[in-house]
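Below is one structure, written out as structure tokens, with a few remarks after it.
Every number in this text was worked out from the coordinates using simple rules, so none of it is lab data. In this text the structure is predicted, and so the values were computed from the model without any measurement. All Cβ positions, even for glycine, are placed from backbone atoms using ideal geometry, and neighbour counts span all protein chains on display.
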């Protein structure tokens, strides 16, 4: 009889933001699949959990997916975690989920901390409808073109990027979208260094550039207000 694939959300920074259910699943499964060895081992060690492990990341996704599916089909229960937050969402693992669906494997989501939702609720922007744009291109010319598309967006737009690209991203938002719409930058969510910034792009860029600010962040752009 085939086993089960659990998609387990883990903390995005603060170790206390893990659910009792997530801990129980991690303790009970036969195998834990993490993204990067360093982060996965650190998380399991912090909670005192010892389990057989496999890695699944952008470098080994195809081969690892096949191995994991074979383990599950053989009756093993497997927990997939990412480096932080919810697996599959902006992280490797979608191919595993898609193939598991195709062959009829049971998949169980174990929800938990989410930087996306945490950032949205502190933005003050309308969130009944929003656009998750995620990561823009690391190449500036393409990123500028992507921001040009967002310039016409009426919904709150949510962006993420690498910690070291915060200053560059806010600079480009200031250049393309200007100061007619507000930004909210949720920085280092759940950590002692957490800060929430509200303001216009040019002012935030000036502040972040002066500070040389780097860190995990979610950036939200207020939607375009249509006037009659």
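Between residue 49 and residue 202, full extension at 0.36 nm per residue minus the direct alpha carbon distance yields a gain of 50.4 nm.
Here the gap between residue 37 and residue 141, fully extended at 0.36 nm per residue and compared with their Cα-Cα distance, gives a gain of 34.1 nm.
Where is the GNM fluctuation largest for the chain (alpha-carbon springs, 10 angstrom cutoff): 27, 206, 139? Highest fluctuation of the listed residues: 139.
When only alpha carbons are used to place a centre, region 1-27 and region 48-91 end up 12 Å from one another.
Its alpha carbons considered, the chain gives a radius of gyration followed by a Dmax of 19.6, 62 Å. If you run the Gaussian network model on the chain, springs between alpha carbon atoms under 10 Å, then out of 57, 129, 14 the most flexible one is 129. For the chain, the relative contact order is 21 percent, taking Cα pairs closer than 8 Å that sit 6 or more residues apart in sequence and dividing their mean separation by the residue count. For a Förster distance of 45 Å, can you work out the FRET efficiency between the beta-carbons of residue 180 and residue 2, rounded to the nearest 0.05? Efficiency for this residue pair is about 0.25. For region 17-81, the square roots a ≥ b ≥ c of the C-alpha gyration tensor eigenvalues yield an a/c of 1.5 or more together with a/b not exceeding b/c, which makes the shape oblate.
Note on residue 15 and residue 101: the extension gain reaches 27.8 nm, defined as 0.36 nm multiplied by sequence separation minus the Cα-Cα distance. Placing dummy labels 7 Å off each Cα toward the beta-carbon, the span from residue 70 to residue 128 is 5.2 nm. Distance between the pseudo-spin-label points of residue 23 and residue 151 (7 Å out from Cα toward the beta carbon): 5.1 nm.
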